[in-house]
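Chemist: The following block contains the structure, expressed as structure tokens.
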Amino acid sequence: MEPMRGWAMNFLSQPWPALTLAVLAPLALVAHRGLADRLGWNRRLTLGTLLGLTAVLTLTLPPAPGAPLRGPDLSGLGACAGSLSSPGVLWHALIATTQRGERVGNVLMFVPLTFFAALASRRPVRVAALGALLPVPIELTQSIMEAGRDCTGKDWVNNAVGAGLGVLLALATALRFPRPP
């Protein structure tokens, strides 16, 4: 777990995550009321959803520590697609016991997003499905942007597990604290 903690500290000390957060968090604050009203969602839960999305994007899209910024490069898409569709890679992601720190981080980052989205939308199945699919474009973007980030099926599986956990926590919360009629 120590190598992951070191990587995370190094990643968060770079300017790109802070810049991403500084741009996306105010956008979430500005957009949440209109989006909530348009969708018929609770405003606070909508804000939680957008801030959860902000956290996911802040942790997944900025370049890796020390990686040079290059332009888009499509040459890695084949390997990325192979990793995302390989049953062996996906199965190993579910049963692997190594790289626990990375695994825990990839699971936990999706919990707040789907927790708040499931409570706000009252559509847990749809949120679980979208939460499980959202990592695919993120992984493809990491592959295309050539910024020191790897596209791997194991990240997708771990993110999808986190999305499912967030929805399960939302369902448990909704059962424990039902909304008044």
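The values are calculated or read from the model by the stated rules, or taken from the named source; none is laboratory data. None of the values given here were measured: they were computed from a predicted structure. Note that each Cβ is placed from the backbone with ideal geometry, even for glycine, and that neighbours are counted across all protein chains shown. For the accessible areas, the whole protein counts, side chains as well, though only heavy atoms, and no ligand, DNA or RNA atoms are used. Shrake-Rupley method; radii C 1.70, N 1.55, O 1.52, S 1.80 Å.
Chemist: Below 8 Å, C-alpha to C-alpha, sequence gap of six or more: please give me the relative contact order for the chain in percent.
Modeler: In percent, rounded to a whole number, it is 29.
Chemist: Once phi is turned into θ = phi - 60°, what whole-Hz ³J(HN,Hα) does the Karplus curve with 6.51, -1.76 and 1.60 give for every residue of segment 16-25, x standing for Gly and Pro?
Modeler: 5, x, 5, 5, 4, 5, 5, 8, 6, 5
Chemist: Report ³J(HN,Hα) in whole Hz for each residue of segment 166-179, in order, from the Karplus equation J = 6.51 cos²θ - 1.76 cosθ + 1.60 where θ = phi - 60°; Gly and Pro get x.
Modeler: Along segment 166-179, the couplings run x, 5, 4, 5, 5, 5, 5, 5, 5, 5, 6, 10, x, 6 Hz.
Chemist: Just to confirm, what accessible area per residue do you get for the chain at 1.4 Å probe, in whole Å²?
Modeler: On a per-residue basis, 58 Å².
Chemist: Which values, in whole Å and largest first, are the semi-axes of the equivalent ellipsoid of segment 76-181 obtained as the square root of 5 times each eigenvalue of the Cα gyration tensor?
Modeler: 29, 14, 11
Chemist: Once the convex hull of the alpha carbons of segment 5-130 is built, what does its volume come to per residue, in cubic angstrom?
Modeler: Considering the Cα atoms of segment 5-130, their hull volume per residue is 148 Å³.
Chemist: Nothing charged except the Cβ atoms of Lys and Arg (+1) and of Asp and Glu (-1): what's the magnitude of the dipole of segment 9-125 about its Cα centre? Round to the nearest 20 debye.
Modeler: Around 420 debye, computed over segment 9-125.
Chemist: With every atom except the alpha carbons ignored, what do you get for Rg and Dmax of segment 1-72, in angstroms?
Modeler: Cα only, segment 1-72: 15.2, 44 Å (Rg, Dmax).
Chemist: Hey, any idea what % of the chain's accessible area is carbon plus sulfur with a 1.4 Å probe?
Modeler: Ligands and nucleic acids excluded, carbon and sulfur reach 69 percent.
Chemist: Enumerate the calculated ³J(HN,Hα) couplings along segment 69-77 in order (Karplus 6.51 cos²θ - 1.76 cosθ + 1.60, θ = phi - 60°), each rounded to whole Hz, writing x wherever the residue is Gly or Pro.
Modeler: 8, 10, x, x, 9, 8, 5, x, 4
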